[in-house]
1. Give me the net charge for the shell around ALA80: Cβ to Cβ below 15 angstrom, other residues only, Lys and Arg +1, Asp and Glu -1.
2. Between ARG35 and VAL143, take the C-beta separation as r, use R0 = 25 Å, and let me know the FRET efficiency to the nearest 0.05.
3. Between the alpha-carbon centers of the range 49-75 and the range 190-244, tell me the distance in whole angstrom.
4. Set the Förster distance to 25 Å, then compute FRET efficiency between VAL159 and ALA209 from the Cβ-Cβ distance, nearest 0.05.
5. Where the eigenvalues come from the Cα gyration tensor of the chain, what are the semi-axes √(5λ) of the equivalent ellipsoid, largest first, in whole Å?
6. Just need the relative contact order of the range 18-242 here, percent rounded to a whole number, with Cα pairs under 8 Å and 6+ apart.
7. Just to be sure I follow: if Rg is taken over the C-alpha atoms of the range 159-229 and Rh is the Kirkwood radius over the same atoms, what is Rg/Rh?
8. Report, in deg cm²/dmol and to the nearest 500, the calculated mean residue ellipticity at 222 nm for the chain, where each DSSP H run with n ≥ 4 adds -39500 (n - 2.57) and the sum is divided by the residue count.
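Nothing in this text is a laboratory measurement; each read-out follows from the coordinates by a stated rule. As the structure is a computational prediction, the values presented were derived from the model and not from experiment. Reconstructed Cβ throughout: ideal geometry from the backbone, glycine too, with neighbour counts over all protein chains shown.
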Amino acid sequence: MTLGPADDGVGRPLGPVVGIVVVAAGSGERLGAGRPKALVEVAGRSLIAHAVAGLGEAGFTSVVVVHTPGEEAAFRAAVAGAGTDAGVEVVLVPGGADRSASVRAGLAALPGDVEVVAVHDAARAFTPPAVLRAVVAAVTGDVVAAAPAVPVADTLKRVDGHRVTGTVDRSELVAVQTPQVFPAAVLRAVATEGASATDELALVEQHLADGRLEGRIVWVPGSARGFKVTVPEDLELAEVFATR
Ligand code: C5P
């Protein structure tokens, strides 16, 4: 299975073989739609279908979609058209209790010859294809992880309950998006049973900090369109991005 972002015109992939895992097994509790977030429709299409279409547009030909356990039929129906239209083969696997477990399930479903793995949130369904390609291309040399990121626009405060105790210097902060991309061996080494974090970069950071791994984590410019659909108001913004 070739998952590469491009080929040489006769079907041979240019660059490394890339495996894409789209984690879509979240409950979507904060969205309050009464069904898994990835199945919520925006402009007549589910979020997972938008995500698959974006990956297709970026040139990826096969993705593993990690779905909410017990919802395989609904996910299959949701991605069927999107996959065919975008020329993307979709492999469905059930997710786990938390994000890290879902990532492990997706990783286990990738073919053994994958050299680079991208983990993408279904909730970031409108990430521009150029960002998808740029972050994959950033994993080269001694880079052990890469992700898109955007500057922090708000002033950030440290708080203790409702009391404000200080200001965080935002000039040294960025907000990280997905896909987060790794050499496959690196992600397999850090995403082990019991390793849990809100993103996969954090797992790599831990391994770099205690000397279990060497290399650099880098970020590439992300996009406001790569925002994560989380709360009901986000659906209004998603509608705008989906119809452009
Ligand atoms: O909950 P949150 O929006 O932070 O989740 C980020 C991504 O991780 C979403 O695309 C969600 O579907 C996925 N996820 C998952 N399995 C879980 C929890 C979250 O695939 N158990």
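1. -3
2. E(calc), rounded to 0.05, equals 0.10.
3. 17
4. Step by step, r from the Cβ atoms, then E = 0.45.
5. Calculated on Cα positions only, the semi-axes equal 26, 24, 18 Å.
6. Value for the range 18-242: 24 percent.
7. Taking Rh as the inverse mean 1/r over Cα pairs, Rg/Rh reads 1.04.
8. Helix-only estimate at 222 nm: -8500 deg cm²/dmol.
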